[in-house]
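Student: One structure coming up, written as structure tokens, with questions to follow.
The values are calculated or read from the model by the stated rules, or taken from the named source; none is laboratory data. Because the structure is a prediction, the values reported are computed rather than measured. All Cβ positions, even for glycine, are placed from backbone atoms using ideal geometry, and neighbour counts span all protein chains on display. Heavy atoms of the whole protein, side chains included, go into the accessibility calculation; ligands, DNA and RNA do not. Shrake-Rupley method; radii C 1.70, N 1.55, O 1.52, S 1.80 Å.
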Amino acid sequence: MVSLLLSSMADNVSPSKQFYWLVSVFSGIIMCTIVYKLTGIISVLCFKGYRKLSNEKKLEWNNRGFSTFHAFIASTASLYLLLLSDLFSEDYYDELIINRTSSLSETVLGISIGYFLSDLAMILWLYPALGGLEYVLHHGLSMFSIFLALVSGKAQIYILMVLFTEITTPFVNLRWYLDVAGLKSSNIYICNGVALFLGWLVMSCMP
């Protein structure tokens, strides 16, 4: 039934738009690859302890680099689309909010699919070092929901709301970085923990 639904939705989409979606997805994958490598290069230059990390820790270190970068991209773009643009404004369009979409929103969704594909590939490659079955299920369900919203052109506002919660990811990753760097008792670790708690509190209060 799912395959019939996907095929019917795909039939109503022009080949140019399908190509645009593929470009967005591959852009996300390329983005993750570049940031992964840059994280390793910058870490060697700026953090002396990076060389002493095990290969497994270095992989996770670099992995969290592109995770943080995607979080900035996804949360910033989602914030713009949800609050600053007119895409979901009640008075701007006659179309139902649930049916609204734009080139930017589709680009964000495509890049996010590329990110989740890249992260899932690393999780499976190093399984279970980067996460267990719950991470596989989380990424799989996330990609499927984003894909449905992208292909159908519906409910993108809700997907963008979820992507906005990625704003807490940099704090989670910074907490891990500080822990690995042996700075668990530092003031920045405590401040980051407070910021992370407040971020989750705000996200939980969102409608």
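Student: Take Leu22 and Ser54, extend 7 Å from each Cα along the Cα→Cβ direction, and tell me the distance between the two endpoints in nm.
Tutor: 4.1 nm
Student: Next up: So if I take the centroid of the Cα atoms in segment 27-79 and the same for segment 131-150, what is the distance between those two points in Å?
Tutor: Their Cα centres are 21 Å away from one another.
Student: With θ set to phi - 60°, apply the Karplus curve 6.51 cos²θ - 1.76 cosθ + 1.60 along segment 31-38 and write out the HN-Hα couplings as whole Hz, x wherever there is a Gly or Pro.
Tutor: Along segment 31-38, the couplings run 4, 5, 5, 5, 5, 4, 5, 5 Hz.
Student: Among Ser112, Ser152, Ser67, determine the one that fluctuates most according to a GNM of the chain built with springs between C-alpha atoms less than 10 Å apart.
Tutor: Highest fluctuation of the listed residues: Ser152.
Student: Which of Ser14, Ser102, Ser24 moves most in a GNM of the chain, Cα contacts under 10 Å?
Tutor: Ser14
Student: Identify all lysines with a Cα-Cα distance to Lys57 below 19 Å; exclude those on the same chain that are fewer than 8 residues away in sequence.
Tutor: Candidates past the 8-residue exclusion: Lys37, Lys48, Lys184.
Student: Can you give the extra length, in nm with one decimal, that the chain gains between Met203 and Leu141 once fully stretched, where that is 0.36 nm per residue apart less the Cα-Cα distance?
Tutor: Additional length available on full extension: 20.3 nm.
Student: A follow-up question, please. If you bin the C-alpha pair distances of the chain every 5 Å from 0, what whole percents do you get?
Tutor: Histogram of Cα-Cα distances, whole percents per bin: 1, 7, 13, 17, 18, 16, 12, 8, 5, 3, 1, 0.
Student: Now, a different point. Using the heavy atoms of the protein chains alone and a 1.4 angstrom probe, what is the accessible area of segment 15-166 per residue in square angstrom?
Tutor: I get 55 Å² per residue for this part.
Student: Counting only protein heavy atoms and using a 1.4 Å probe, what share of the accessible area of segment 105-207 belongs to carbon plus sulfur, as a whole percent?
Tutor: 75 percent
Student: Oh, and also: Starting from the Kirkwood Rh over alpha-carbon pairs, what translational D in µm² s⁻¹ does segment 3-112 have by Stokes-Einstein at 20 °C and 1.002 mPa s?
Tutor: Stokes-Einstein gives a translational diffusion coefficient of 128 µm²/s.
Student: Starting from the Cα-Cα distance between Trp176 and Val13, subtract it from 0.36 nm times their residue separation and give me the gain in nm to one decimal.
Tutor: Gain in length upon complete extension: 54.4 nm.
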